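Here the structure is laid out as structure tokens; the discussion comes afterwards.
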Amino acid sequence: MTSGPFVFDTQVLGRRPGTEKSYELVLDAPADLGLDVFGVPEGSPIDLELRLEAVMDGVLATGTASVHAVGECVRCLEPVEQDVDVDFQELYLYEGAGEDELAVEAEMIDLEPVLRDAVVLALPHNPLCDPECPGLCPECGFRLADDPDHTHGDAIDPRWSALTQLTERPEE
């Protein structure tokens, strides 16, 4: 296991059940923490409260992370910002970790995958600037929230459009 800001040493717990250590940290967000339209910018602060507790089978990591996510409204493309708080709890096994389980490796645990899963699952998949956002005009792309009465007139059925030439007068 490599070192990094999300790697924690569990050696101080000594594999004695009931032993715990708490942390309050501000870490820089890793790259690609979020979705395509909404996510946490790389390097922005993550406020992390973490408690590591030794249990019989491994180390139980429990915590809360607070991040500031940015993106754009999926309806009108306006900027959207939101503070997101997530809770997480994960057991890192000393031995016998399966494919879908996390392991304590060389007395170290890597919190990044757990934190990434918790944050990404808490983000809205379709962020909106306002729940009632009307979006953009399908004809011209005008933001409809700026002018709710925006219109292009009555639509003419293309099959009858040739008849409009009969009522139009050529300018003299």
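Taking all protein chains in place and a 1.4 Å probe, what share, in percent, of the accessible surface of the chain do carbon and sulfur account for? Spell out each step's value before the answer.
Details: 5370 of 11350 Å².
With neighbouring chains kept in place, the figure for the chain is 47 percent.
With a probe of 1.4 Å, find how much accessible area the chain has per residue, and write the answer as a whole number in Å².
Numbers: 11350 Å² over 172 residues.
It amounts to 66 Å² per residue over the chain.
By how many nm would the segment from Gln165 to Glu42 lengthen if fully extended, with 0.36 nm per residue of separation less the alpha-carbon distance?
Details: separation 123, 0.36 × 123 = 44.28 nm, distance 5.80 nm.
Working it through step by step, the gained length comes to 38.5 nm.
Using +1 at the C-beta of Lys and Arg and -1 at the C-beta of Asp and Glu, which of Cys133, Ala106, Gly153 has the Cα lying farthest in the positive direction of the dipole of the chain?
Ala106
Kindly work out what percent of the DSSP beta bridges joining two residues of the chain are antiparallel, to the nearest 5.
Taking every DSSP beta bridge within the chain, about 95 percent pair in antiparallel fashion.
Let's see if you can work this out: charge +1 on each Lys and Arg Cβ, -1 on each Asp and Glu Cβ, no other charges. What is the dipole magnitude of the chain about its Cα centre, in debye to the nearest 20?
On the way: 9 positive and 38 negative charges, 58 e Å.
The calculation lands at about 280 debye.
Okay, helix-only estimate at 222 nm for the chain: each DSSP H run of n ≥ 4 adds -39500 (n - 2.57), divide by all residues, round to 500 deg cm²/dmol; what do you get?
Working: 2 runs with 15 residues, N = 172.
Per the formula, -2500 deg cm²/dmol.
Can you tell me the order of 110-118, 58-66 when each peptide is scored by its average per-residue count of other Cβ atoms within 10 angstrom, highest first? Numbers along the way, then the final one.
Numbers: 110-118: 18.1, 58-66: 19.7.
Going from most to least packed, we get 58-66, 110-118.
Could I get the Rg over Rh figure for region 94-152? Both from C-alpha atoms, Rh via Kirkwood, rounded to two places. Don't skip to the answer; put the middle values down first.
Details: Rg = 23.0 Å, Rh = 16.1 Å.
Over the Cα atoms of region 94-152, Rg/Rh equals 1.43.
What percent of all Cα-Cα pairs in the chain falls in each 10 Å bin, counting up from 0?
Going out from 0 Å in 10 Å bins, the chain shows 9, 27, 21, 14, 10, 8, 6, 4, 2, 0 percent.
Of the chain, which part is the longest with no chymotrypsin sites (Phe, Trp or Tyr not before Pro) in a loop (DSSP not H, G, I, E, B) and with at most 14 other C-beta atoms within 10 angstrom? It would help to have the intermediate numbers written out before the result.
Working: sites that count: Phe142, Trp160.
That would be 1-141.
Just to confirm the filter: which GluC sites (Glu not before Pro) across region 1-60 are DSSP coil and have at most 13 other Cβ within 10 angstrom of their Cβ?
Numbers: sites: Glu20, Glu24, Glu42, Glu49, Glu53; in loops: Glu42.
Counting only loop positions with at most 13 other Cβ atoms within 10 Å, the GluC sites (Glu not before Pro) in region 1-60 are Glu42.
What is the spin-label model distance, in nm, from Gln82 to Asn126 if the labels are put 7 Å beyond Cα along the C-beta direction?
1.3 nm
For region 9-49 and region 106-146, what is the separation of their Cα centres, given in Å?
For region 9-49 versus region 106-146, the Cα centre distance is 21 Å.
Could you tell me the calculated FRET efficiency between Asp28 and His152, based on Cβ-Cβ distance and R0 = 30 angstrom, to the nearest 0.05? It would help to have the intermediate numbers written out before the result.
Numbers: r = 48 Å, r/R0 = 1.60.
That pair, Asp28 with His152, gives E of 0.05.
The values are calculated or read from the model by the stated rules, or taken from the named source; none is laboratory data. Source: prediction; values computed, not measured. Methodologically, a virtual Cβ is constructed for each residue, glycine included, from the backbone with ideal geometry; neighbour enumeration extends over all protein chains shown. Side chains included, ligands, DNA and RNA excluded: accessible areas come from the protein's heavy atoms. Shrake-Rupley method; radii C 1.70, N 1.55, O 1.52, S 1.80 Å.
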